[in-house]
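**Q** Would you mind keeping the following structure in view while I ask a few things?
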Amino acid sequence: MVFDLDLIKQVYASMPSKVAAARQALGKPLTLSEKILYSHLWKGVPLSDYARGKDYVDFAPDRVAMQDATAQMALLQFDTTGRKKVAVPSTVHCDHLIVAKQEGKTDLNKAVADNEEVYNFLSSISNKYGIGFWKPGAGIIHQVVLENYAFPGGMMIGTDSHTVNAGGLGMIAIGVGGADACDVMAGLSWELLMPKLIGIKLTGKLNGWTSPKDVILKVAGLLTVKGGTNAIVEYFGEGATSMSCTGKGTICNMGAEIGATTSTFGYDESMSRYLKATGRAEVAAAADAIKEHLTGDPEVYANPKKYFDEVYEIDLNELEPHLNGPFTPDLATPISKMKEAAAKNNWPTKVEVGLIGSCTNSSYEDISRAVSLARQVAQKGLKTKAEFTITPGSEQVRYTIERDGFLETFSQIGATVFANACGPCIGMWDRMGAEKQERNTIVHSFNRNFAKRADGNPNTLAFVASPELVTALAIAGDLTFNPLTDTLTNEKGESVKLDPPAGDELPQKGFAVEDAGYQAPAADGSKVTVDVKSDSKRLQLLYPFAAWEGTDLKDLRLLIKAKGKCTTDHISMAGPWLKFRGHLDNISNNMLIGAINYFNDKADSVKNQLTGEYGPVPATQRAYKAAAMGSLVVGDENYGEGSSREHAAMEPRHLGVRVVLVKSFARIHETNLKKQGMLALTFANKADYELVQEDDRIDVIGLTSFTPGKSLQIVLHHQDGTSDRIEAHHSYNQQQIDWFKAGGALNVIRSQALGMA
Ligand code: MIC
Ligand code: SF4
């Protein structure tokens with residue numbers, strides 16, 4: 001079945017003329033990114049050469065995807081907009097709430113029972129508003145989107161930072177918070193800072209042990225976790241066209257780890273093959289008919305420096321397999337340098353567990369290449385040293401790899417197959433012994449490796465690698481094993497070498513599945529009721545946040561000055577907290593509990609300015625709230641890196657934090673703060689971060705003339721009676737200032753809905 005074919009045909013029917021008009025308006029050949037962006041301008045937005053990195057532009061995305069952990073908040077918000085049905089095709093995917101403990105079926109059954117209330121809510125609200133619903137067990141959002149909905153030249157948004165995965169099929173797919181999704185589902189435009197363009201030329205061809213994952217691991221090392229902020233990364237060159245579509249998906253997926261708005265590749269044969277293999281020959285034919293519009297203009301790729309803001313070149317012939325980590329995805333080490341790096345940093349070299357799968361790397365190709373290594377265990381008389389787990393990305397992939405005997409081979413090396421879900425990647429891993437907090441090393445093919453992420457243990461060092469390399473390292477049980485050069489000793493005492501991985505891009509016998517797990521919405525949802533119990537611990541209806549009081553903010557308390565990396569996992573941890581994603585008050589009890597307090601180097605221990613005592617961050621903030629005192633959070637670089645979860649913005653809003661003042665923000669988090677009516681500010685002079693003291697009382701001056709492009713003033717009143725006046729920048733445009741004044745974007749939509757009624 002092809003979903004929404006009419007929509008795709010409509011997009012394609014108007015694309016050639018829109019691209020031609022854009023080429024004329026900009027007076028130059030176009031990148032693929034520009035073709036897609038300019039053909040998705042919101043109706044009425046004038047065609048002009050928007051300044052990259054400066055102008056906010058309104059777009060009309062073709063579709064929306066949400067996963068269960070973020071959909072709850074997105075749909076609770078949508079439910080207050082007064083709309084009858086979603087304005088664009090939208091889907092919900094149940095993938096984040098399944099705990100990986102024993103094996104797929106058992107774990108899935110338990111999750112279905114444990115999360116019944118939430119799944120019922122999501123299923124009924126989807127039914128009511130015309131949203132396609134993918135049941136628990138169907139697979140991970142991004143894999144299911146790639147298999148069913150992504151199409152070359154399309155534009156989509158999704159409430160998950162790895163929505164960008166669909167760039168593998170030539171889309172502009174962007175991760176957003178639930179409030180942004182809510183706008184688009186409500187039929188409003190979607191605003192984005194016109195992204196800068198980074199071009200990456202891939203020359204040569206992948207071979208031997210290197211895989212698409214190594215391309216992005218290398219790029220992450222080059223650009224770092226914030227190098228892609230407010231930019232689209234467009235890949236091109238023979239190295240791009242010669243790799244598989246799902247491999248391109250892996251590269252785009254992890255573009256989230258460099259902060260990129262999204263990443264994409266031009267339409268080519270590999271995408272056509274993938275569309276056909278996944279039952280979408282009609283989409284491939286429609287794309288073929290306008291294929292020159294679904295890739296960058298030849299002049300651009302011939303002379304990229306002229307058209308992109310930054311250009312890099314990677315020779316795939318020379319590229320080595322990489323291992324990135326621990327604790328950050330941009331610490332890139334080529335496998336040949338791992339012996340040295342591990343010794344220098346004193347990383348434990350024994351690999352305890354190898355984990356493959358996740359939305360990043362669970363394609364048929366990935367698994368077939370990994371299984372080619374698992375086969376060698378028996379063939380060469382080896383024994384697998386580490387534990388090994390697989391989380392397939394979709395039921396379609398799982399069913400097909402079972403049919404083709406791959407799961408049987410994995411089981412022979414002692415592997416556990418978890419449910420088709422996020423599982424260990426999002427901390428839903430009930431790992432035996434993790435509570436002992438022992439220092440240990442794991443390797444996985446996921447995308448994120450922040451502290452505590454997979455198993456909650458701060459002393460687990462997680463390294464990210466391709467599924468092939470993860471499998472080889474699990475067999476060897478050694479982080480420093482370089483399969484290109486090193487040998488292993490088998491059960492007979494012989495030295496053996498692993499052959500390089502080999503596999504099939506697509507299943508020779510085609511994909512197969514019995515029940516993919518899809519539930520279509522009711523044709524008329526008006527009679528469907530959505531039940532949220534008032535005493536529920538997991539779901540809570542939203543109340544409107546208060547509007548701005550109309551004055552400068554005075555006498556705010558410093559809640560925390562966060563030191564170093566402060567990702568959304570530090571601000572609103574996942575794992576055990578995922579169960580409260582639909583209940584704002586309950587989940588607020590995790591607010592900033594992972595952030596490190598600059599003044600005592602501890603997590604979840606801040607000074608309560610009312611009592612002078614140290615206590616947990618959420619309790620301290622609740623005390624300020626009870627005393628009707630506003631507060632302010634100070635942060636370092638790339639604050640809010642990682643997830644799209646708007647809970648990281650809604651929790652502080654709900655508990656009464658007014659301002660977040662940092663050296664720099666990650667894109668999605670900054671937007672989420674603005675959407676919820678918070679003040680997201682940056683130090684004009686980064687060194688001023690040092691001026692903030694523990695007992696400061698803080699004023700924000702200039703709000704009565706809050707204007708785009710004009711700085712605000714912050715006065716830090718120190719306890720010793722002195723004060724510092726510093727400048728804070730902001731990136732609010734007029735519409736975002738209106739959100740701030742109204743107390744949040746939702747209040748604006750709501751008042752428009754009331755006005756319309
Ligand atoms: C993640 O990979 O961190 C998540 C969990 O998928 C998040 C979404 C969430 O927090 O629900 C993301 O990447 O946006
Ligand atoms: Fe799920 Fe992990 Fe992918 Fe996020 S990165 S969607 S948690 S598999």
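The values are calculated or read from the model by the stated rules, or taken from the named source; none is laboratory data. On a predicted model such as this, the values are computed, not experimentally measured, just so you know. Here Cβ is always computed from backbone atoms with ideal geometry, including for glycine, and neighbour counts include all displayed protein chains. Please note that ligands, DNA and RNA were not included when accessible areas were found on the heavy atoms of the full protein model with its side chains. Shrake-Rupley method; radii C 1.70, N 1.55, O 1.52, S 1.80 Å.
**Q** Residues Asp552, Asp524, Asp535: which one is open to solvent by less than 50 Å² (accessible area, probe 1.4 Å) and of a type in the set (D, E, K, R)?
**A** Asp552
Condition check ((1) open to solvent by less than 10 Å² (accessible area, probe 1.4 Å); (2) under 25 Å from Pro501 (Cα atoms)) across all residues:
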| position | (1), (2) |
| --- | --- |
| Pro424 | yes, yes |
| Met428 | no, no |
| Met432 | no, no |
| Asn440 | no, no |
| Val443 | yes, yes |
| Asp455 | no, no |
| Pro458 | no, no |
| Leu461 | yes, no |
| Pro467 | yes, yes |
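**Q** For region 390-412, what are the residues that are surrounded by fewer than 22 Cβ atoms within 10 Å (Cβ to Cβ) and either free of Cβ contacts under 8 Å to residues at least 60 places away in the same chain or more than 11 Å from Val513 (Cβ to Cβ) (or both)?
**A** Glu402, Asp404, Gly405, Leu407, Glu408, Thr409, Ser411, Gln412
**Q** Conditions first: (1) within 30 Å of Gly477 (Cβ to Cβ); (2) under 28 Å from the mean Cα position of the chain (by Cα); (3) of a type in the set (D, E, K, R). Arg538 passes all but one, so which condition is the exception?
**A** The single condition Arg538 does not satisfy is (1).
**Q** When residues of region 685-701 are filtered for being in contact (Cβ under 8 Å) with a residue 12 or more places away in the chain, farther than 25 Å from Glu549 by Cβ and either open to solvent by less than 60 Å² (accessible area, probe 1.4 Å) or not in a loop (DSSP other than H, G, I, E, B) (or both), how many remain?
**A** 5
**Q** Step by step: first the residues of region 226-238, then only those that are in a loop (DSSP other than H, G, I, E, B) and open to solvent by 20 Å² or more (accessible area, probe 1.4 Å), then the one that is nearest to Gly640 (Cα to Cα). Which residue is that?
**A** Checked region 226-238; the qualifying residue nearest to Gly640 (Cα to Cα) is Lys226.
**Q** If you don't mind, another one. Scan region 277-319 for residues that are open to solvent by less than 20 Å² (accessible area, probe 1.4 Å), within 15 Å of Ala240 (Cα to Cα) and among the small types (Gly, Ala, Ser) and report the count.
**A** The total comes to 1.
**Q** Between a residue in region 644-666 that is over 21 Å from Gly227 (Cα atoms) and any residue that is more than 16 Å from ligand 1 (Cβ to nearest atom) and of a type in the set (Lys, Arg), which pairs come within a Cβ distance under 6 Å, given they are 6 or more apart or on different chains?
**A** Short answer, once both residue conditions are applied: Leu655/Lys625; Gly656/Lys625.
Residues are listed down the side, and each one gets a yes or a no for (1) open to solvent by 50 Å² or more (accessible area, probe 1.4 Å); (2) within 16 Å of ligand 2 (Cβ to nearest atom); (3) at pLDDT 95 or above; (4) in a helix (DSSP H, G or I):
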| site | (1), (2), (3), (4) |
| --- | --- |
| Arg52 | yes, no, yes, no |
| Asp58 | no, no, yes, no |
| Pro61 | no, no, yes, no |
| Thr70 | no, yes, yes, yes |
| Leu76 | no, no, yes, yes |
| Gly82 | yes, no, no, no |
| Val86 | no, no, yes, no |
| Ile98 | no, yes, yes, no |
| Gln102 | yes, no, yes, no |
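**Q** Given the conditions (1) within 30 Å of Glu387 (Cα to Cα); (2) assigned to a helix (DSSP H, G or I), which single one is not true for Pro136?
**A** Only one criterion in (1) within 30 Å of Glu387 (Cα to Cα); (2) assigned to a helix (DSSP H, G or I) is unmet by Pro136, namely (2).
**Q** Also, I was wondering about something else. Can you name the residue in region 660-680 that is surrounded by fewer than 24 Cβ atoms within 10 Å (Cβ to Cβ) and over 23 Å from Ile749 (Cβ atoms) and is also nearest to ligand 1 (Cβ to nearest atom) among such residues?
**A** Ser664
**Q** Scan region 179-197 and give yes if some residue there is open to solvent by 10 Å² or more (accessible area, probe 1.4 Å), modelled with pLDDT under 95 and basic (Lys, Arg), otherwise no.
**A** Checking region 179-197: not a single residue is open to solvent by 10 Å² or more (accessible area, probe 1.4 Å), modelled with pLDDT under 95 and basic (Lys, Arg).
**Q** Then there is this: Quick one: in region 349-371, which of the residues that are surrounded by fewer than 24 Cβ atoms within 10 Å (Cβ to Cβ) and among the β-branched types (Val, Ile, Thr) is farthest from ligand 2 (Cβ to nearest atom)?
**A** Step by step, filter region 349-371, then rank; the result is Thr349.
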